[in-house]
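Right, one structure below, let's go through it.
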Amino acid sequence: MSTYLLIHGAWHSGRCWERVVPLLTSAGHRVLAPSLTGYGDKAHLLGPEVGLDTHVDDIVGLITEEDLTEVILVGHSYAGLVISSVANQIPDRIARLVYLDAMVPEDGESAADIMPVTQGLIDLAVASDSGWRVPPLPELPPPAGLFGVTDPADAAWLRSLLSDQPVRCLQQPVRLDNPATDAIPRTHIHCVTGKPEAYARRPVPPIQPNGTPAQVWELPTGHDCMITMPVELTELLLRLGPKH
């Protein structure tokens with residue numbers, strides 16, 4: 001049995017994994033898909049003080065309180081920053097990092113450094129009445145859709161999950177100063193359909209920090225693949241655990 005810890009991206013909640021969790025569970029694995037502070041069942045905690053460090057504390061706290069070990073830690077989108085920072089703090093509890101169409105930071109980088117288009121969202125938020133709220137990205141014509149979701153019913157359901165993102169989440173830098181994290185194997189899963197040009201990802205270096213060749217898989221779907229291709233995503237995630 002493996003332990004999968006699924007971390008949602010900006011604006012989303014843990015409910016975005018609802019189609020994946022039962023598939024992993026039915027294969028015999030333990031699965032946790034929490035909402036970060038400010039989202040889902042924690043939406044009432046949303047405020048200007050919530051930042052990347054808050055979300056890292058959420059996950060470090062969960063792992064230590066539940067005494068989880070050998071965790072397959074999956075971070076979607078913005079949560080690439082979260083899982084990188086979590087691994088920096090408790091590398092001995094992490095079996096693998098999975099960057100699911102995610103930001104992959106270097107030490108000292110923020111979301112705005114990794115994806116410069118994010119700075120425009122920050123500027124709009126700072127100039128808004130609230131001074132800190134970044135609203136969800138708008139729905140675009142297919143194939144971009146709403147975070148890559150183009151089915152009308154799915155898009156409506158997804159819209160009901162979304163919350164504003166505190167600007168602090170996009171401004172705080174990651175701290176990656178623990179050399180022990182380099183030993184953790186990494187997997188990158190890229191969604192390759194409908195990504196707006198402004199959100200282009202960095203290429204993955206051919207060699208992982210642990211010295212092995214990079215593992216990069218692709219899914220022919222939009223950004224929120226846990227909604228649009230849950231079966232195919234689950235099949236990839238199951239390849240990372242023990243034989244099933």
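The values are calculated or read from the model by the stated rules, or taken from the named source; none is laboratory data. This one's a predicted model, so the numbers in the text were calculated from it and none came from an experiment. Counting neighbours? That spans all protein chains shown, and the Cβs are built from the backbone with ideal geometry, glycine included. For accessibility, only protein heavy atoms count, side chains too; no ligands or nucleic acids. Shrake-Rupley method; radii C 1.70, N 1.55, O 1.52, S 1.80 Å.
A few comments on the model shown:
- Database remark: amide H of V98 closer than 5 angstrom to the amide H of L73, V74, G75, T187 (H placed geometrically; neighbours at sequence offset of 5 or more, or on other chains; Pro and chain starts carry no H).
- Rough spin-label spacing in nm, given labels placed 7 Å along Cα→Cβ, for D123 and E66: 4.0
- The stretch 4-58 and the stretch 75-146 have Cα centres separated by 14 Å.
- Of the beta bridges in the chain, as assigned by DSSP with both residues counted there, near 15 percent are antiparallel.
- Counting heavy atoms of the protein chains alone, V231 has an accessible area of about 80 Å² for a 1.4 Å probe.
- Nearest-10 value in Å² for the accessible area of R175, using the 1.4 Å probe: 140
- Square roots of 5 times each gyration tensor eigenvalue, C-alpha, the stretch 52-105, largest first, Å: 17, 12, 8
- 10 Å beta-carbon shell around K195, net charge (K/R +1, D/E -1): -1
- Among the listed values [x] 29, 24, 15; [y] 34, 21, 15; [z] 25, 21, 18, the one computed from these coordinates for semi-axes √(5λ) of the Cα gyration tensor in Å is [z].
- Per residue, the solvent-accessible area of the chain (1.4 Å probe, heavy atoms of protein chains only, all protein chains present) comes to 44 Å².
- Probe 1.4 Å, all protein chains present, accessible-area order of T37, T54, largest first: T54, T37
- Estimated from helical segments only, the mean residue ellipticity of the chain at 222 nm is -7500 deg cm²/dmol, where each DSSP H run of four or more residues counts as -39500 (n - 2.57).
- Sulfur and carbon atoms: percent of accessible area, the stretch 119-187 [1.4 Å]: 57
- Electrostatic bookkeeping for G61 treats Lys and Arg as +1 and Asp and Glu as -1; over the other residues with beta carbon under 14 Å from its beta carbon, the sum is -4.
- Debye log10 I(q)/I(0) for the stretch 122-188, one point scatterer per Cα, at q = 0.15, 0.17, 0.29 Å⁻¹: -0.75, -0.83, -1.15
- The listed residues V117, V134 rank as V117, V134 when sorted by accessible area, largest first, using a 1.4 Å probe.
- Note on C16: accessible area is roughly 0 Å² with a 1.4 Å probe, heavy atoms of protein only.
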